[in-house]
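So the structure is just underneath, and the comments pick up after that.
The values are calculated or read from the model by the stated rules, or taken from the named source; none is laboratory data. All values derive from a computational prediction rather than experimental measurement. Here Cβ is always computed from backbone atoms with ideal geometry, including for glycine, and neighbour counts include all displayed protein chains. Side chains included, ligands, DNA and RNA excluded: accessible areas come from the protein's heavy atoms. Shrake-Rupley method; radii C 1.70, N 1.55, O 1.52, S 1.80 Å.
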Amino acid sequence: MSRYSAYIASLVLTAFFAFIAYIDRDWSWVAVVFGALALLGTWDVLQRRSTLRRNYPILAYFRYGLESIGPEMRQYFIE
C-alpha cells in the first residue's frame, strides 16, 4: 500500500483543496496542481507499458529524473 502513497495523497489533497477553493478562490491553483498530479497518477495506474509507473505512480518520475542526472553525479563525486 505504501507504493501508492503519493497517488492517494494527491487524490486526497485534490479533494481537500477543491473544497477550500470552493470557500476561497485564492486556493484554486493548488487544487489544479494536485488535480494534475492525480490525473497523472491515474494515467500511470491504467497504462500497461511500464510496470514501474504502474506499480509506483508519480514516484517513478523521480527515479527517471535521478537516472538522468546519474552520470553527472558520479562524475562529480567519484572522480
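Brief remarks follow.
- Ligands, DNA and RNA left out, the 1.4 Å accessible surface of the chain is 68% carbon and sulfur atoms.
- For the chain, relative contact order (Cα pairs under 8 Å, six or more residues apart, normalised by length) works out to 28 percent.
- Ligands, DNA and RNA are left out, and with a 1.4 angstrom probe the accessible area of segment 1-56 is 73 Å² per residue.
- Cα-centre dipole for the chain with unit charges at Cβ (Lys and Arg positive, Asp and Glu negative), debye to 20: 420
- For Tyr64 and Thr42, the difference between the fully extended length at 0.36 nm per residue and the C-alpha to C-alpha distance is 6.1 nm.
- Residue-span extension gain [Thr51 to Tyr4] - 0.36 nm each, minus C-alpha spacing: 15.6 nm
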